[in-house]
């Protein structure tokens, strides 16, 4: 049986449990893609994470965007990344 990670939502909502290996891959890719000074939209982050996987030759089984959303919320809830509102869009950056 594979290890699972229970994802946490910033507002306390229930999220899925996902495979710990997928969580680790996405966490590393998200943190490598974001920086502290310039925020990134969700669409930009998905693109950057896909590029990261391509450059590192990582094969990801499943929908990167679906898993990324859950891990991104978990990283937000645990205080590793911030979501800020700029105009009419949200930007994500490392805390």
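Computed from the coordinates by the stated procedures, all read-outs in this text should not be read as laboratory data. Source: prediction; values computed, not measured. All Cβ positions, even for glycine, are placed from backbone atoms using ideal geometry, and neighbour counts span all protein chains on display.
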Inset, instruction - Enumerate the residues in segment 74-90 having an amide nitrogen under 17 Å from the point lying 7 Å beyond the Cα of residue 37 toward its Cβ. - result: none
Inset, instruction - Would you calculate the separation in nanometres between label points at residue 95 and residue 53, each defined as 7 Å from the Cα along the Cα-to-beta-carbon direction? - result: 2.7 nm
Inset, instruction - For the chain, just run the numbers: alpha carbon Rg, then divide by 2.2 N^0.38 Å, N being how many residues it has. - result: 1.04
Inset, instruction - Express the Stokes-Einstein translational diffusion coefficient of segment 1-51 in µm² s⁻¹, to the nearest whole number, given a Kirkwood radius over alpha-carbon pairs, 25 °C and a viscosity of 0.890 mPa s. - result: 197 µm²/s
Inset, instruction - Considering Cα pairs under 8 angstrom that are at least six residues apart, work out the relative contact order of the chain and quote it in whole percent. - result: 34 percent
Legend entry - the chain: calculated mean residue ellipticity at 222 nm from DSSP helix runs of at least 4, using -39500 (n - 2.57): -14500 deg cm²/dmol
